1. Of 287, 52, 134, which is farthest towards the positive pole of the chain's charge dipole, taken about the Cα centre with +1 and -1 on the beta-carbons of Lys, Arg and Asp, Glu respectively?
2. What order, most packed first, do the peptides 30-37, 97-104, 204-211 have when packing is the mean number of other Cβ atoms within 10 Å of each residue?
3. Suppose every K and R has +1 on its Cβ and every D and E has -1 on its Cβ; what is the size of the dipole of the range 179-293 about the Cα centre, in Debye to the nearest 20?
4. As a footprinting exposure proxy, order 46, 21 by other Cβ within 10 Å, with the fewest listed first.
5. Give the angle, between 0 and 90 degrees and rounded to the nearest 10, that separates the Cα long axis of helix 215-226 from the longest principal axis of the Cα atoms of the chain.
6. For the chain, what is the mean residue ellipticity at 222 nm derived from helices alone (per DSSP H run of n ≥ 4: -39500 (n - 2.57); sum divided by total residues; nearest 500 deg cm²/dmol)?
7. Residue 188 to residue 288: FRET efficiency via 1/(1 + (r/R0)^6), r the Cβ-Cβ distance, R0 35 Å, to the nearest 0.05?
8. Treating only the Cβ atoms of Lys and Arg (+1) and Asp and Glu (-1) as charged, compute the dipole magnitude of the chain about its Cα centre; round to the nearest 20 debye.
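Since every read-out is calculated from the coordinates, none of them should be taken as a lab result. Since this is a predicted model, take the numbers as computed values, not measurements. Cβ sites come from the backbone with ideal geometry, for glycine too, and all protein chains shown count toward neighbours.
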Amino acid sequence: MSDNALFDQNDMTSSKRYLHTPSEFARRKLIYVQETGSLRSLKAHTSSRSNLESYLFFIVMTGRGQVVYSGNTYELKAGECAFIDCRKLYEHRSSEDAPWELKWVHMDGGVLADYYSLFLEKNGNVPVFRAADIKQYSDMLDNIMANQDEKDITSEYISHSMLTELVTRIIVETINEGNKLLNPDILNSIREMVNMRFKEENLLESVCQEYGMDEIAINKQFKEKYGIDLCDYILNRRFTCAKELLRFTVKPVKEVVTESGIMNADLFRHLFIENEGMTAEEYRRKWAQWNRG
């Protein structure tokens with residue numbers, strides 16, 4: 001695994017790292033490794049950088065230290081992680097009495113900026129978090145490092161897949177951590193209620209009354225758990241029902257507007273144009289079971 005690794009030891013650190021220069025295709029289309037490796041601090045030290053076209057993810061394997069980012073200082077210890085946009089000024093400092101050991105990857109490309117924005121949104125605009133399972137992150141970084149020894153045509157695609165899995169795990173973990181603040185039983189009950197009664201007029205108001213919550217709070221909590229706010233979820237269920245009625249019945253479009261719970265002909269027309277790229281009548285001609293053959 002070490003054929004392409006760079007080993008460095010000085011009075012501050014002992015490190016092993018892999019540097020990678022991406023292909024033009026990887027730079028344009030993939031998430032790619034810029035540098036990855038492991039580091040053991042031998043004594044307290046500070047690293048400071050800015051204006052790097054890169055995102056840095058690292059885990060603290062042992063010891064402790066600090067990350068300074070966007071004017072805030074965060075204390076990190078073993079089992080904790082940092083995910084940093086290196087375009088901004090940042091520092092990481094190993095402690096004096098318990099120098100840390102890190103594993104890291106610098107990466108860029110693809111839709112990583114969008115992933116990172118989502119991570120910050122779900123993590124309260126904080127770049128650090130505690131790993132639910134440090135070994136899983138450690139193993140993922142080990143695999144990313146091992147892949148840097150492979151220099152064939154597939155290695156960048158494999159790295160892209162590994163990095164996507166890594167970033168996805170980070171985001172899912174931060175979402176799940178945020179959802180601990182919610183009551184999953186209540187939210188599941190609300191969703192079941194909507195699934196049974198989505199055709200009812202003023203359903204959102206009824207839900208708010210029955211569960212003693214205001215519209216803003218219930219939409220926010222529902223979106224945190226299911227990725228869609230309650231208003232849109234109700235409309236989505238009605239729109240799906242409308243499509244089912246068009247496909248599997250011969251009811252006139254006017255009746256479908258009412259029976260689906262959408263009720264408003266202009267909104268009904270807009271939903272089909274916006275989501276299906278065609279009118280309801282065109283949708284029926286293309287998809288209706290009874291209109292085939």
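1. After comparing all options, I get 287.
2. On the way: 30-37: 22.5, 97-104: 18.8, 204-211: 14.5.
Going by the mean number of other Cβ atoms within 10 Å, highest first, we get 30-37, 97-104, 204-211.
3. Working: 18 positive and 19 negative charges, 129 e Å.
Dipole size: approximately 620 debye.
4. Working: 46 12, 21 9.
Taking fewest neighbouring Cβ atoms as first place, the list is 21, 46.
5. Rounded to the nearest ten degrees, it is 60.
6. On the way: 11 runs with 137 residues, N = 293.
Value at 222 nm, helices only, nearest 500: -14500 deg cm²/dmol.
7. Values: r = 34 Å, r/R0 = 0.98.
The value I calculate is 0.55.
8. Numbers: 37 positive and 45 negative charges, 116 e Å.
Once rounded to the nearest 20, the dipole reads 560 debye.
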